[in-house]
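Trainee: My questions will all concern the structure given below.
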Amino acid sequence: MTTTTPLTQDELKTLVGQAALQYVVPGEIVGVGTGSTVNKFIDALAGMKDQIKGAVSSSVASTERLKALGIAVFDANEVRSLSVYIDGADEIDGQGYMVKGGGAALTREKIVAALAERFVCIADESKLVKALGQFPLPVEVIPMAANHIARRFAAMGGQASLRLKDGQPLVTDNGQHILDVKGLSITDPLAFESEINQWPGVVTVGVFAHQKASVCLLGTAQGVKTITY
Ligand code: 5RP
């Protein structure tokens, strides 16, 4: 009898990163997200860099990785639209609604996603949830509004904490801070995203409901599962 070792989370990320290549349109510019799963996609994309015009990136980290592999990076202002945006998620539910921002890139991710006709989410199966809210919700905020926004979340039953890096508030690519909010019940992601987005001082809330996934390539023990919404 032969036994097979289950794939590690890292191997699942590699699988979905490679599977995402099928959505890249030759001759075009592709939208590229941020994170460890996207890094696998970027590495795979290097293999077809001569077939694409380049990428629009959602973070300094992804830009550096793309450029290091010889992939041209365009400013978002240089493109009118993209066929596809490929990115990971911290949580994705059965309708394609996501929580994102674990890598602090949520604002630029939402901007590049907004340019794209199709959002392809690449994730290992640990990210699939019945309802959003287990992963602490990232919210990018203007620093002077952080405590006020934290109190507003507390009034909704959430506990917000300022994300730190090396003991100091983490500063995003946009020069802002991140609050991570635990204990929220996100029963209506569309309404929740709309509500939080209009609080003064909120730059971006990490619920991606208005820009949800069109497709999820989910890495599972049985291989890559394609879920369309
Ligand atoms: C970055 C993100 C990432 O997509 C999310 O955190 C998932 O990252 P990973 O692929 O490393 O698990 O939203 O801001």
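The values are calculated or read from the model by the stated rules, or taken from the named source; none is laboratory data. From a predicted model like this one, the values you see are computed outputs, not experimental measurements. Because the Cβ atoms are built from the backbone with ideal geometry, glycine has one as well, and the counts that use them run over all protein chains shown. Accessible surface is based on the protein model in full, side chains and every heavy atom, while ligands, DNA and RNA are left aside. Shrake-Rupley method; radii C 1.70, N 1.55, O 1.52, S 1.80 Å.
Trainee: Can you name the number of the only condition in (1) on the phi < 0 side of the Ramachandran plot; (2) outside any helix (DSSP H, G or I); (3) of a type in the set (A, V, I, L, M) that Ile149 fails?
Mentor: (2)
Trainee: Would you point out the residue of the range 155-166, among those that are open to solvent by 60 Å² or more (accessible area, probe 1.4 Å) and not in a strand (DSSP E or B), that is farthest from Asp90 (Cα to Cα)?
Mentor: Ala155
Trainee: Restricting to the range 25-43, what's the tally of residues that are within 20 Å of Thr14 (Cβ to Cβ) and open to solvent by 20 Å² or more (accessible area, probe 1.4 Å)?
Mentor: Start the filter on the range 25-43 by keeping residues that are within 20 Å of Thr14 (Cβ to Cβ), which leaves 30, 32-43.
Subset that is open to solvent by 20 Å² or more (accessible area, probe 1.4 Å): 34-36, 39-40, 43.
Number of matching residues: 6.
Trainee: Suppose we filter the range 141-181 for residues that are under 18 Å from the mean Cα position of the chain (by Cα) and among the charged types (D, E, K, R); how many remain?
Mentor: Total meeting the criteria: 3.
Trainee: Which of the residues spanning the range 182-208 are of a type outside the set (Asp, Glu), under 17 Å from the mean Cα position of the chain (by Cα) and open to solvent by less than 20 Å² (accessible area, probe 1.4 Å)?
Mentor: Pro189, Thr204, Val205, Gly206, Val207, Phe208, listed by residue number.
Trainee: Related question: Quick check on the range 46-89: of everything there that is of a type in the set (Ser, Thr, Tyr) and either surrounded by fewer than 17 Cβ atoms within 10 Å (Cβ to Cβ) or not in a helix (DSSP H, G or I) (or both), which residue is farthest from the ligand (Cβ to nearest atom)?
Mentor: Quick first cut of the range 46-89, residues of a type in the set (Ser, Thr, Tyr) only: 57-59, 62-63, 81, 83, 85.
When the remaining residues are screened for being either surrounded by fewer than 17 Cβ atoms within 10 Å (Cβ to Cβ) or not in a helix (DSSP H, G or I) (or both), the result is 57-59, 81, 83, 85.
Working: Ser57: 12, Ser58: 8, Ser59: 7, Ser81: 21, Ser83: 20, Tyr85: 11 Å.
Per the stated criteria, the residue is Ser81.
Trainee: Please state which one of Ile92, Ile42, Ile122 is of a type outside the set (D, E, K, R) and under 25 Å from Val141 (Cβ atoms).
Mentor: Numbers: Ile42 fails: under 25 Å from Val141 (Cβ atoms); Ile122 fails: under 25 Å from Val141 (Cβ atoms).
Only one candidate qualifies: Ile92.
Trainee: Anything in the range 90-110 that is open to solvent by less than 10 Å² (accessible area, probe 1.4 Å) and touching a helix residue (DSSP H, G or I) at 6+ places or on another chain (Cβ under 7 Å)? List them, or say none.
Mentor: Correct list: Glu91, Ile92, Lys100.
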